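Have a look at the structure below, then the notes.
Please treat every number below as a calculation from the coordinates, not as lab data. Here the structure is a predicted model, which means the values were calculated and not measured. Glycine also receives a Cβ, built like all others from the backbone with ideal geometry; neighbour counts cover every protein chain displayed.
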Amino acid sequence: NPDRSASVQSVRSFTSDRRNDELCLLDGGRQLVSYCLPRTLRRYATQTGEILEEKTLAFQPHHVASSPDGKWIAVSKFHDLSVELYASTTLSVPRAVLRNSIGATQSIAFAPASDRLISGLQNGGVIAWDLHSASSEPEGNANMPLEIEQNSYLIPHTSPVSSIAVSDSAEIVS
């Protein structure tokens, strides 16, 4: 398929001159978001490879994930207790900062309805954040992200949760 080969070639060009640590697709696969070292988050057009937006982060990212509904991009911080949540339309300012008090984030995944973000932790914990408050209009300074605390702590594991997924029936797989 010629369209597919063009997209594959574009994705190859993303990795040719820089180290991309993690990628996620947006907008039905028409856009790709990646973070690369040292601390750069980029959004690309998958057909052309054009950089649509670039943001230098104040932290070293660990994981990036996009919500199934295409509304959110989550970026976890390396060896940190928080995740930044961006509206998928812009990387300029985080919409919310998701904080936990249990352990450093190892992995992140959205629930199928995009209403929760699930995080696997370095200490074996699994936590969830309810994202409904992030969807409301900001009060006061729109450049200040909302602070959202974890709202549930799930059964801990005996080792770090380095990979996590949420099934279509909203069951957590870790």
With viscosity set to 1.567 mPa s and temperature to 4 °C, compute the Stokes-Einstein D of the range 17-75, Rh being the Kirkwood radius across alpha carbon pairs; µm²/s, no decimals.
112
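Of the listed peptides 70-76, 23-29, 110-116, what is their order by residue-averaged count of other C-beta atoms within 10 Å, with the highest listed first?
The densest-packed peptide leads the list: 70-76, 110-116, 23-29.
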Simple spin-label estimate for SER167/ALA45, 7 Å along Cα→Cβ, in nm, reads 4.1
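Using the beta-carbon distance between SER92 and THR158 and R0 = 35 Å, what value does 1/(1 + (r/R0)^6) give for FRET efficiency, to the nearest 0.05? Could the numbers behind the result be given before it?
Details: r = 40 Å, r/R0 = 1.15.
After rounding to 0.05, the efficiency reads 0.30.
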Which distance in nm do the two modelled labels at ASN123 and PHE59 give, with both placed 7 Å along the Cα-to-Cβ direction?
1.6
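Rank-order 77-87, 46-56 by packing density, defined as the average count of other C-beta atoms within 10 Å over each peptide's residues, highest first.
Working: 77-87: 19.1, 46-56: 13.6.
Descending packing order for the listed peptides: 77-87, 46-56.
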